[in-house]
Amino acid sequence: MRGMLKRLSDLVGHKVPGLALVAAVLMTLAPQPASALVEIDITQGNIEPLPIALPSFSADGGDSKLAADMTSIIAADLKRSGLFNPLDPASFIQKNMSVNSTPRFGDWRQISAQALVTGTVIKQPDGRLRAEFRLWDVFAAEQMLGQQFYTTPENWRRLAHIIADAIYERLTGEKGYFDTRIVYVDETGPKDKRIKRLAIMDQDGANVRYLTRGDDLVLTPRFSPTSQEITYMSYGGADPSVYLLNIETGQREIVGNFPGMTFAPRFSPDGQNVIMSLQQGGNANIFQMDLRSRRTTRLTNTAAIDTSPSYSPDGRRIVFESDRGGTQQLYVMGANGGNAQRISFGPGRYSTPVWSPRGDLIAFTKQHQGRFMIGVMRPDGKGERILTEGYHNEGPAWSPNGRVLVFFRDTPGANGGPQVWTVDLTGYNELRLDTPAFASDPSWSPLID
Amino acid sequence: MFKREYAGQSARWIVICFAVLFAAACAQTKPDGLSSNVKPGTGQDFVVNVGDRVFFEEDQSVLNSQGQATLANQAKWLNRYSQYTITVEGHADERGTRQYNIALGARRAQAARDYLVGQGVSASRIKTISYGKERPVAVCNDNSCWSQNRRAVTVLNNATN
C-alpha cells in the first residue's frame, strides 16, 4: 500500500503557490459498493448538521500533539460551518485508528456517526510533513475520499484547513472556504481617539498579523480576488485616499490621482480594476480605475452620494448605494455606468451592498427604526431576507463560496466597540470571531489555490 | 520620505485638537459669552469667542439659523485675521454606515465652507475634509451625544495661542 501511495503522489501531486504542498489521491481500501449514502443537501433552509467522527490523527510515534491539534482544527472548521456535528471523541468505540486499515463500521454506526475521517501526520526524514486522510461513509461502509499531502511544518494549520475544505467539498458538493483569510481593521484606544490598524487573520481567527502601524486612520480593506493585495482607504496623505497594499511585500501605492477624497474601494472580479467613490463638493460619484493602464472612468454623475460599489462576479454589472432618491437605497447599473435601476424598495435605508461570488444574491446593511440589519436579496431586488438584526450590524462580506457572510457588530456607549461575526445563509448559525481587540470592516480572501 | 512628511502633519493636528477641546471646556464655564482674558486673533479667541463648530440634524447637511450665525461670526473673524487658512472638518454620528457617513461628513463640511465663502472668506483659504463617524467627541449612547458628533468644525491651520 505504501508503495502505491508514493507512486500515486508522484503522479497526481500538484503545487500550491507559496506552499510547496503536494496532494495525492489515496486508493480506496474497501471494496466499492453502491453509491454513497452520506451527503448534505445545503439547498434546504434549515439543516440538520451531519454527525461526523474525527478521531485524532495518528502520529506513528511522532508528534502526537501536532496530529491532535490538526484534527481539532479540522473538526472546528467543520463545526463552525453549521453543516457538521463533530462527535465527542469520548464516545468513540474503536480506538487507535490507522489511516491504512478499514474501520470497524459497526462501531461507528453504533454512535450514529454518518461520516468518519481517519488520518495520519508524520514528519519525514527530509523535514517535511506528510499527512494522509480518508473520509468514510459509515453506512455504505466505503471510502469516499483519500488524499495525501506533503508540506513544510510551518504550514500545518493551512494543511488542516485544506483537509477540512476537501471533506466539506466531498460532502456538500460545494467548494469549502476554510483555507482562507480575513482582512479587517483592528481598533484600540478610547472611542473618541480610536487607533485603527489593518490586520489579517486566518478565517478561524488564528495567526493575526498587523499590516499597518496605526499612525494613519485606515478603513474598509478589501481583498483582491486574484493577488495578495488589498485596497483600502487611508488618511495618511494630503487627502484621504484609496490605496493598494501588497500584503507579502508591504509595498503600498495610492490608487489614481484624483482631485479630492476617494473612498469605498473594491476590486473587479478579474482584479484589474478598482471601483471607488470620489468626493466632489457635496457629492460622491463612482469612478473606475484600470490598474494596468491607470486610466480612470467616471461611472456615475449625480448630485447625490453614490458609494459602496460592488461588481457582479461576471464583471458586467455594479451594485451600489445612492441617496439620489432621498434616502440610501440600492441600485444596479452596467459596469460602464449608465442607466441605474433601483432594486431596494422595503421600508428603511439600504447600504453597503456586496454581490455574492455565486452571483445569486446581494448582501446589504439595512437600517430601520433605529436597528441595523444584515440581509440578502436577489439582484432584481426580490426575495429579501434579513439574516441578523440588532443595535448595530454593518458591512457584510462574502465567503468565497457564497455561503457565509462576515460582518461587524458594534455595541453602544463609551466602552462599546465592534466585533467580527459570521452568519450563514440560513441565518441560524451566527458566530463571533475571537480577535485580540475590537475589529471592524472584515473582508474575506478568495480560496487560495 | 512620503511617510515622514505626513507624520508631521498629523502630529500638528493632534496639538490643535487638544487646544480646541481644552478651550471648548473653558468656554462652557463662561455663559456670558466673550472671554476677556483671551488674546484677540488667537486660536483660543476663535474657539472661545467665535465658536469653531456647527451642528446638524440626523442625516442632514442643512445649516440651521444657529449654525448660520456661528459661521457668519467665523467669517467676520477670518476676514479680520486674514493670516489664517482653515480646514473645515465634517463629521457624522455613529448611527450610520461607514462609507455613507464619510460622504455625509463631506457634505456637511461643504455646506459650512460654502457659507463661509458666501460671507466673503476666500475659497483659497479653505480646505475641507471628512472624518465620517471616525472621530466622535461625545461617546454616550443617546442623541445628546450623537447630536454633538453631527458637526462641521473649523480648524485654524496655522494658529498660535
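Residue A:134: of a type in the set (D, E, K, R), surrounded by fewer than 16 Cβ atoms within 10 Å (Cβ to Cβ) and over 23 Å from residue A:203 (Cα atoms), yes or no?
No: the conditions fail for residue A:134.
Identify, by number, the condition in (1) over 23 Å from the mean Cα position of the chain (by Cα); (2) within 20 Å of residue A:340 (Cβ to Cβ) that residue A:266 doesn't meet.
(1)
For residue A:260, which of the numbered conditions (1) of a type outside the set (Ser, Thr, Tyr); (2) out of contact with any Asp or Glu (no Cβ under 8 Å at 6 or more places or on another chain); (3) within 13 Å of chain B (Cβ to nearest Cβ) fails to hold?
Failing condition for residue A:260: (2).
Could you list, in sequence order, the residues of the stretch A:191-218 that are within 14 Å of another protein chain (Cβ to nearest Cβ) and part of a strand (DSSP E or B)?
A:195, A:196, A:197, A:218
I'd like to know if the stretch B:76-89 contains one or more residues that are closer than 27 Å to residue A:232 by Cβ and buried (at least 24 other Cβ atoms within 10 Å of the Cβ).
yes
Could you tell me whether the stretch B:86-100 includes any residue that is modelled with pLDDT under 95 and β-branched (Val, Ile, Thr)?
Scanning the stretch B:86-100 turns up no residue that is modelled with pLDDT under 95 and β-branched (Val, Ile, Thr).
Any residue at all in the stretch A:439-446 that is surrounded by 21 or more Cβ atoms within 10 Å (Cβ to Cβ), outside any loop (DSSP other than H, G, I, E, B), at pLDDT 95 or above and away from chain B (no Cβ under 13 Å)?
Among the residues of the stretch A:439-446, at least one is surrounded by 21 or more Cβ atoms within 10 Å (Cβ to Cβ), outside any loop (DSSP other than H, G, I, E, B), at pLDDT 95 or above and away from chain B (no Cβ under 13 Å), which makes the answer yes.
Being touching a helix residue (DSSP H, G or I) at 6+ places or on another chain (Cβ under 9 Å), in a strand (DSSP E or B) and free of Cβ contacts under 8 Å to residues at least 40 places away in the same chain narrows it down to one of A:116, A:135, so name that one.
Going through A:116, A:135 in turn, just one is touching a helix residue (DSSP H, G or I) at 6+ places or on another chain (Cβ under 9 Å), in a strand (DSSP E or B) and free of Cβ contacts under 8 Å to residues at least 40 places away in the same chain: A:135.
Taking interchain pairs and intrachain pairs at least six residues apart, which have beta carbon atoms under 8 angstrom, with the first residue in the stretch B:92-110 and facing chain A (nearest Cβ under 7 Å) and on the phi < 0 side of the Ramachandran plot and the second assigned to a helix (DSSP H, G or I) and crowded, with 24+ Cβ neighbours inside 10 Å?
Going by the 8 Å Cβ cut-off, there are no qualifying pairs.
I'm trying to understand the selection: among the residues of the stretch A:272-293, which are touching a helix residue (DSSP H, G or I) at 6+ places or on another chain (Cβ under 6 Å) and in a strand (DSSP E or B)?
Those that are touching a helix residue (DSSP H, G or I) at 6+ places or on another chain (Cβ under 6 Å) and in a strand (DSSP E or B): A:279, A:284.
Are any of the residues in the stretch A:419-433 free of Cβ contacts under 8 Å to residues at least 40 places away in the same chain, of a type in the set (S, T, N, Q) and in contact with a strand residue (DSSP E or B) (Cβ under 9 Å, 6 or more places away or on another chain)?
Yes: the stretch A:419-433 contains one or more residues that are free of Cβ contacts under 8 Å to residues at least 40 places away in the same chain, of a type in the set (S, T, N, Q) and in contact with a strand residue (DSSP E or B) (Cβ under 9 Å, 6 or more places away or on another chain).
Can you find even one residue in the stretch A:315-335 that is under 20 Å from the mean Cα position of the chain (by Cα), more than 10 Å from every other protein chain (Cβ to nearest Cβ) and assigned to a strand (DSSP E or B)?
No: zero hits.
Out of the stretch A:196-245, which residues are surrounded by fewer than 16 Cβ atoms within 10 Å (Cβ to Cβ) and aliphatic (A, V, I, L, M)?
A:206, A:238
Quick check on the stretch A:236-254. Is at least one of its residues closer than 20 Å to residue A:185 by Cβ, without any contact (Cβ under 8 Å) to a residue 24 or more places away in the chain, among the hydrophobic types (A, V, I, L, M, F, W, C) and at the interface with chain B (Cβ under 10 Å from one of its Cβ atoms)?
Taking every residue of the stretch A:236-254 in turn, at least one turns out to be closer than 20 Å to residue A:185 by Cβ, without any contact (Cβ under 8 Å) to a residue 24 or more places away in the chain, among the hydrophobic types (A, V, I, L, M, F, W, C) and at the interface with chain B (Cβ under 10 Å from one of its Cβ atoms).
Determine which member of the set A:221, A:225 is in contact with an Asp or Glu (Cβ under 8 Å, 6 or more places away or on another chain), within 14 Å of chain B (Cβ to nearest Cβ) and either small (Gly, Ala, Ser) or under 22 Å from residue A:310 (Cα atoms) (or both).
Selected residue: A:221, the only one of A:221, A:225 that is in contact with an Asp or Glu (Cβ under 8 Å, 6 or more places away or on another chain), within 14 Å of chain B (Cβ to nearest Cβ) and either small (Gly, Ala, Ser) or under 22 Å from residue A:310 (Cα atoms) (or both).
Which of the following residues is more than 28 Å from residue B:137 (Cβ to Cβ), touching a Pro at 6+ places or on another chain (Cβ under 6 Å) and surrounded by fewer than 22 Cβ atoms within 10 Å (Cβ to Cβ): A:250, A:271?
Of the residues listed, the single one that is more than 28 Å from residue B:137 (Cβ to Cβ), touching a Pro at 6+ places or on another chain (Cβ under 6 Å) and surrounded by fewer than 22 Cβ atoms within 10 Å (Cβ to Cβ) is A:271.
Inside the stretch B:124-161, can you point out the residues that are assigned to a helix (DSSP H, G or I), within 28 Å of residue B:38 (Cβ to Cβ) and within 12 Å of another protein chain (Cβ to nearest Cβ)?
Those that are assigned to a helix (DSSP H, G or I), within 28 Å of residue B:38 (Cβ to Cβ) and within 12 Å of another protein chain (Cβ to nearest Cβ): B:145, B:148, B:149.
How many of the residues in the stretch A:210-227 are of a type in the set (Lys, Arg) and within 17 Å of the chain's Cα centre (by Cα)?
Number satisfying all stated conditions: 1.
Of the conditions (1) under 14 Å from the mean Cα position of the chain (by Cα); (2) closer than 23 Å to residue B:57 by Cβ; (3) within 11 Å of chain A (Cβ to nearest Cβ), residue B:72 clears all except one; give me its number.
In the conditions (1) under 14 Å from the mean Cα position of the chain (by Cα); (2) closer than 23 Å to residue B:57 by Cβ; (3) within 11 Å of chain A (Cβ to nearest Cβ), residue B:72 misses (3) alone.
Could you identify the single residue in A:154, A:174 that is without any contact (Cβ under 8 Å) to a residue 24 or more places away in the chain and within 27 Å of residue A:422 (Cβ to Cβ)?
Being without any contact (Cβ under 8 Å) to a residue 24 or more places away in the chain and within 27 Å of residue A:422 (Cβ to Cβ) holds for just one of A:154, A:174, which is A:154.
The values are calculated or read from the model by the stated rules, or taken from the named source; none is laboratory data. Model, not experiment: these values are computed from the prediction. A quick note on method: Cβ atoms are made from the backbone with ideal geometry, for glycine too, and the neighbour counts reach across all protein chains shown.
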